[in-house]
Amino acid sequence: MAYRRSSRATLDRARRLDVRMVVRWLRSAAGQDTSDAIAQWSDGGRVGLTRTESGLTLAYTTDGIQVIERLKLEFTPCNYGGARPWALCPVCNTRRAVLYAATATYGRFLCRACIAWPYGCTWEHRGDRALRRVRELKHRQGCRNTDPFVPLVRKRYQRWATFAGLLVQQHEALQTFLNNANARIERLRSGL
């Protein structure tokens, strides 16, 4: 993937805390409610989670400073029973399912609107988005070869109409990529 500005901070690089998963973690498989858990990210970051009456308490270290942050939780009833958990953003006080921690906010967990970071795909060129779409189609089909120019393979027991639709989507995405690449080449030629 080629980004227009690679130094730009995106949500793909921020640590993500999904409140729905946290509440699931805090409920053990045996149906017993536990009050403590630890979330760990692939970059080695860890946060201790403690369930309180009013919400969650997060304990973590950022830039060598121990931080204890309290998040309020709200629950809304679901149509067929149960309740859906939401975290209230500490800044805008709106319900959010996912909060992000960013180094620019000193590690505080905020919602996407308060961090004001875009998704990584918004910095991709049109042709790169088309190639990513083809790779997603191939992944969905279970193809091991991620080369976008190799045709899709039909899944066993997949309807032919569904497979034909996927082939059309692959063809359109590749056509977009090639048209975009041709336009780039023409711009480079005209600049010489």
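Rule-based calculations on the coordinates, nothing more; no lab input. Quick caveat: nothing in here was measured; it's all calculated off a predicted structure. As a convention, Cβ positions derive from the backbone with ideal geometry for all residues, glycine included, and neighbour counts pool all protein chains shown.
Normalised by the residues of the chain, what does the relative contact order come to in percent, with Cα pairs under 8 Å and at least six apart? Walk me through the intermediate numbers first.
Numbers: 254 pairs, mean separation 33.7, N = 192.
This gives 18 percent for the chain.
Exposure proxy check: SER190, SER54 ranked by fewest other beta carbons within 10 Å?
With the sparsest Cβ surroundings first, the list reads SER190, SER54.
Trypsin sites (Lys or Arg not before Pro) within the range 155-192: which are DSSP loop residues with at most 10 other Cβ atoms inside 10 Å? Let's see the in-between values first.
On the way: sites: LYS155, ARG156, ARG159, ARG184, ARG187, ARG189; in loops: LYS155, ARG156, ARG159.
Filter output for the range 155-192: ARG156, ARG159.
What is the range 81-192 by shape, rounded, prolate or oblate, if you read a ≥ b ≥ c off the alpha carbon gyration tensor as root eigenvalues and call it rounded for a/c under 1.5, prolate for a/b larger than b/c, and oblate otherwise? Display every interim value, and only then the final one.
Details: a/c = 3.46, a/b = 1.43, b/c = 2.43.
Because a/c hits 1.5 or more and a/b fails to exceed b/c, the range 81-192 counts as oblate.
May I ask for the angle, rounded to the nearest 10°, between helix 160-191 and the longest principal axis of the chain, with both axes built from Cα atoms and the value confined to 0 to 90°?
80 degrees
Sequence-distant or interchain residues sharing an amide H contact under 5 Å with ARG108, placed H: which?
Long-range HN contacts for ARG108: ALA102.
According to the square roots a ≥ b ≥ c of the eigenvalues of the Cα gyration tensor, what is the shape class of the range 65-131, taking rounded for a/c under 1.5, prolate for a/b larger than b/c otherwise, and oblate for the remainder? Walk me through the intermediate numbers first.
Details: a/c = 3.13, a/b = 1.32, b/c = 2.38.
Oblate is the answer for the range 65-131, as a/c is 1.5 or above yet b/c matches or exceeds a/b.
Can you sort LEU188, LEU17, LEU11 so the residue with the fewest Cβ neighbours within 10 Å comes first? Show your work: numbers first, answer last.
Details: LEU188 9, LEU17 22, LEU11 16.
Going from sparsest to densest Cβ surroundings: LEU188, LEU11, LEU17.
Do you know the relative contact order of the range 55-136, to the nearest whole percent, from alpha carbon pairs under 8 angstrom that are 6+ apart?
Numbers: 101 pairs, mean separation 13.0, N = 82.
The normalised contact order for the range 55-136 reaches 16 percent.
Please give the length that would be gained between ASN145 and LEU178 if that part of the chain were fully extended, namely 0.36 nm times their separation in residues minus their C-alpha to C-alpha distance (nm, one decimal).
Details: separation 33, 0.36 × 33 = 11.88 nm, distance 2.00 nm.
Answer, rounded to one decimal: 9.9 nm.
If each residue of separation counts as 0.36 nm, what is the full-extension length gain between SER54 and TRP25 once their alpha-carbon separation is subtracted? Provide the component values of the computation, followed by the final result.
Numbers: separation 29, 0.36 × 29 = 10.44 nm, distance 1.74 nm.
Stretched out fully, the SER54 to TRP25 stretch lengthens by 8.7 nm.
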